[in-house]
Each structure stands twice: as C-alpha cells, then as structure tokens.
Amino acid sequence: MSLPRKGTNMKTGLAFATAVAACALVSVSAVAPAAAQSKYDFDLSKLTPAQRDEMYCVYDGIDDKDALSVAIVYTDASNSDENVEAAQKILDAALSKCMTQYKWSGDDKDMAAQIGIAGVVNDVSVYLLDDAAKSLKVKPSDRVREVLDTLSDGDLDMILAGIEQADDAFEKKLTAALSAKGITGDDARESAFHLMTASVEAASTMHRWISRKAR
C-alpha cells in the first residue's frame, strides 16, 4: 500500500505541528519569558531553511510507498521478524543518505531518526484516523490536536513514556477527552493514541534538536 501523504504530511499537519499546549508552528516560547518554555515547545523560526532540511532529512528520505511498513513496526509490537527487518532496512537507507550529507554525531543521528519515525507514524495515523472517524464534520486530527492542547507537561510526559504503560485512569482520561470530541470506536481511538504519541515524541525531539542547532 502506498500512503497518500499529501494532506497528512507532518511538516504541515496541524496534529503534528501543534502537538503541545499553546504551541503552533512557531512556539509561544518565542514571545514568552524563557522560564515558561516547555520541553515540548519548538520554534522553527530559529532554524534556517537549510537547517530545517537537515532536521527533516530522514523523514523526507522515507518514500510514501514505504511509510506504512515503517509505521506499523513502530506501533504494533506483534510484527514478524520479517516486517521488522524490512522496516529497519528502509530506515537505514534513509539514514545512510543523510549521514553521507551531514556527517552527524551519534546524538544527531538518533534525533533525526526519531523525528523521521515520529513523522511517518504521524502521517499514517492521520490517514487511518481520518478514515475511521470520517463521519465527523471536521478533520479528526484537528480534534486530537484540541485534546493535546489541554494537557499538562506531566500528561505529555506520560504519553511520551507510553500510553499503554500508564495507569488505567490516565488512559480513561484520554479516552473520555477524545470521545467528547467525537472520536469513538476502537480503530479511531487506537489511531488517535498513535497520533498523540508521535506528536509528543516529535515535539520533544525537535525541541532538543533546535536547542542544539539553532543559529
């Protein structure tokens, strides 16, 4: 299956770009006191266009036709060894091209890989969520963003650690918040959880990348 990522692309998708409370493509940290900055805030304006291309290199290097194969491995622990190996080859190929161009350190390589994986999971989750909750009059991914915007850093930390690892009360809190936005049913909720996790993982890693690379 080739994923039609146009319209779900992480660099323009609202659910990814505004993954944290009060955070848009340019974070409120750009105008708020430094002490108010969250580890999930990211200010893309601090990067030059060339630096943004570097940050997105692995993500951009994963073809649409391969996006689903990679995303499934990182969202479903029951994958076969064959699927895991295939996804790793896709990721390694994208990383190899980027390493040749940018000569990253180990930390930079790891962060770029995390951003690439989170971006692909974002794209696939938006696509699947839009299909599972297509009866909504607004984009379901916008509804997920609205839920994320209400969460504290502590809540985002729990999502980052893994929703499936959190206590039942936290999962019920997220489920209730999504239900209130019209996102119901197992398939829609699962895609929404994956989208939330990818959004938070990417925001956290992009915050660290920009802190390290900003001009």
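The values are calculated or read from the model by the stated rules, or taken from the named source; none is laboratory data. These numbers come from a predicted model, not from an experiment. In this analysis, Cβ positions are derived from the backbone assuming ideal geometry, glycine residues included, and neighbour counts consider all displayed protein chains.
Tell me, yes or no, whether segment 102-110 has at least one residue that is at pLDDT 95 or above, in contact with a helix residue (DSSP H, G or I) (Cβ under 6 Å, 6 or more places away or on another chain) and not polar (S, T, N, Q).
Checked against the condition, which is being at pLDDT 95 or above, in contact with a helix residue (DSSP H, G or I) (Cβ under 6 Å, 6 or more places away or on another chain) and not polar (S, T, N, Q), segment 102-110 yields at least one hit.
I'm checking my understanding of the structure. Among residues of segment 98-133 that are among the small types (Gly, Ala, Ser) and under 16 Å from ILE62 (Cβ atoms), which one is surrounded by the fewest Cβ atoms within 10 Å (Cβ to Cβ)?
By that ranking, first place goes to ALA113.
Can we say ALA192 is small (Gly, Ala, Ser), more than 17 Å from the chain's Cα centre (by Cα), part of a helix (DSSP H, G or I) and at pLDDT 95 or above?
Spelling it out, it is not the case that ALA192 is small (Gly, Ala, Ser), more than 17 Å from the chain's Cα centre (by Cα), part of a helix (DSSP H, G or I) and at pLDDT 95 or above.
Is it fair to say ALA19 is modelled with pLDDT under 95, of a type in the set (A, V, I, L, M), within 26 Å of ILE159 (Cα to Cα) and crowded, with 19+ Cβ neighbours inside 10 Å? Full working, then the answer.
Working: modelled with pLDDT under 95: yes; of a type in the set (A, V, I, L, M): yes; within 26 Å of ILE159 (Cα to Cα): yes; crowded, with 19+ Cβ neighbours inside 10 Å: yes.
Yes; evaluated as a whole, the condition is true for this residue.
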